[in-house]
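Participant: One structure follows; several queries about it will come next.
The values are calculated or read from the model by the stated rules, or taken from the named source; none is laboratory data. Since this is a predicted model, take the numbers as computed values, not measurements. Here Cβ is always computed from backbone atoms with ideal geometry, including for glycine, and neighbour counts include all displayed protein chains.
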Amino acid sequence: MKPSPSHGLSRGPAIGRFVDSHTEGEPTRVLLAPDGGFFPETLPEVIARWTRGGVLEIPAELLALCANPRAADAMVCALVCRPSKPGALCGVLYWNASAPLGMCGHATVGLARTLADVGVTMPPRATIETRVGDVVVEMRADGRVAFANVPSRVHARDVEIVLEQGGVARGDIAWGGNWFFIVRHDGALDGGKSGRAMRSHAEELAYANSILRGIERMGLCGGSENGGLIDHVELVFTPSRADANARNFVLCPNGTFDRSPCGTGSSALLASLAVRGELAPGAVWRQESAIGSIFEASYARAGSGADAVIPTIAGRAFAVAEGTLRFDARDPSRLGTWKEQA
Ligand code: PYC
């Protein structure tokens, strides 16, 4: 039996080509139709096709495209769809190995770089539809990609999570296209007392996971956006670079951590800095990642509501591979092996 070069999903048109990139260290896999063009359905059509009982479920064969053995666990997939509105460039659906994401900042930067690389004409300001709202992408002359994100806001301040290992973690519940619980260890809130540098990735992963378990035990959730599910934990530290304002470590819903400074996490942090009067509109905030890479961030007031802000995030992405997906019915790992590894 010959492996199929493209996958005709039982529940939708075929996906065939992919382009891999990384944004400041965090990988993105852009998925295209077999002819290399956009997926022929619009984002609302794709969402409707894959929603069961009000829940969007990415088909297992597509979750597997960003899981072992096809990809490292940090991979985020970006399915590029036909636009649903006049004036929009395209729609995009993001997911990682476990579930759909609301928005994904690093993957938006990776998507824009990929589209430009494969020859899509990028308008000076390209509107991209995501399932939580439109974002506007700009290709900058210095090679960076910037995007204006969905309105971001703080839902609750100074919430205390009781930790199983003892003690509490105090933080803000904030929306930046995904829901975050943000715990500050940069010392800015208490004159430096709580300030510390990031420890090893393994130590911060264990700490962030204990906070997520505490959130689940306490049944905490965010506001109405994307069902209120708080599935990201963002730890903020003193930076290791002299040119950065802070460093973060972001736990993602599939149990791995973001290698980039996290576009939606940086957006949620900007909302928190804004509401606390720590950063003025238009002022530049340089966010360092767990691996030392940088996003440059700033915000404008949203005007729409209370303390909402519109973040702009800029970073670099580089394409690293492109190819044709193959699905072999004899392959026992064609739906991924990540569940066994968890
Ligand atoms: O950059 O927004 C982001 C992101 C979310 C999960 C991984 N990266």
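Participant: Any idea how many residues of region 39-49 are modelled with pLDDT of 95 or more and in contact with a Leu (Cβ under 8 Å, 6 or more places away or on another chain)?
Facilitator: Number of matching residues: 3.
Participant: Please state which one of ARG82, ARG29, ARG52 is basic (Lys, Arg) and either in contact with a Lys or Arg (Cβ under 6 Å, 6 or more places away or on another chain) or modelled with pLDDT under 95 (or both).
Facilitator: Values: ARG82 fails: either in contact with a Lys or Arg (Cβ under 6 Å, 6 or more places away or on another chain) or modelled with pLDDT under 95 (or both); ARG29 fails: either in contact with a Lys or Arg (Cβ under 6 Å, 6 or more places away or on another chain) or modelled with pLDDT under 95 (or both).
The match here is ARG52.
Participant: Can you tell which of GLY133, GLY143 is small (Gly, Ala, Ser) and away from the ligand (no atom under 15 Å from the Cβ)? If you could, list the steps in order and put the result at the bottom.
Facilitator: Working: GLY133 fails: away from the ligand (no atom under 15 Å from the Cβ).
Exactly one of GLY133, GLY143 is small (Gly, Ala, Ser) and away from the ligand (no atom under 15 Å from the Cβ), namely GLY143.
Participant: Next question, about the same structure. Quickly run through region 260-280 and pick out the residues that are more than 9 Å from the ligand (Cβ to nearest atom) and part of a loop (DSSP other than H, G, I, E, B).
Facilitator: Result: ARG276, GLY277, GLU278, LEU279, ALA280.
Participant: Just the residues that are over 24 Å from ILE58 (Cβ atoms) and not β-branched (Val, Ile, Thr), please, taken from region 122-137. Even if it seems obvious, please write down each step before you answer.
Facilitator: Narrowing region 122-137 to residues over 24 Å from ILE58 (Cβ atoms): 122-126, 136.
Result: MET122, PRO123, PRO124, ARG125, ALA126.
Participant: Kindly establish whether ALA97 is crowded, with 20+ Cβ neighbours inside 10 Å and not hydroxyl-bearing (Ser, Thr, Tyr).
Facilitator: On the way: crowded, with 20+ Cβ neighbours inside 10 Å: yes; not hydroxyl-bearing (Ser, Thr, Tyr): yes.
Spelling it out, ALA97 is indeed crowded, with 20+ Cβ neighbours inside 10 Å and not hydroxyl-bearing (Ser, Thr, Tyr).
Participant: Follow-up. If you scan region 175-220, which residues turn out to be outside any loop (DSSP other than H, G, I, E, B) and of a type in the set (Asp, Glu)?
Facilitator: Within region 175-220, the first condition is being outside any loop (DSSP other than H, G, I, E, B), and the residues that meet it are 175, 179-185, 201-218.
Of everything in region 175-220, those that are outside any loop (DSSP other than H, G, I, E, B) and of a type in the set (Asp, Glu) turn out to be GLU203, GLU204, GLU216.
Participant: Does ASN68 satisfy the condition of being more than 16 Å from the ligand (Cβ to nearest atom) and either under 17 Å from the mean Cα position of the chain (by Cα) or polar (S, T, N, Q) (or both)? It would help to see each step written out before you state the result.
Facilitator: Working: more than 16 Å from the ligand (Cβ to nearest atom): yes; either under 17 Å from the mean Cα position of the chain (by Cα) or polar (S, T, N, Q) (or both): yes.
Spelling it out, ASN68 is indeed more than 16 Å from the ligand (Cβ to nearest atom) and either under 17 Å from the mean Cα position of the chain (by Cα) or polar (S, T, N, Q) (or both).
Participant: Residue check, ASP142 against (1) outside the structural domain of LEU31 (by TED's automatic domain parsing); (2) free of Cβ contacts under 8 Å to residues at least 12 places away in the same chain; (3) among the acidic types (Asp, Glu), all met but one. Which one?
Facilitator: The number of the failed condition is (1).
Participant: Could you list, in sequence order, the residues of region 228-271 that are on the phi > 0 side of the Ramachandran plot and surrounded by fewer than 24 Cβ atoms within 10 Å (Cβ to Cβ)?
Facilitator: Correct list: GLY228, GLY255.
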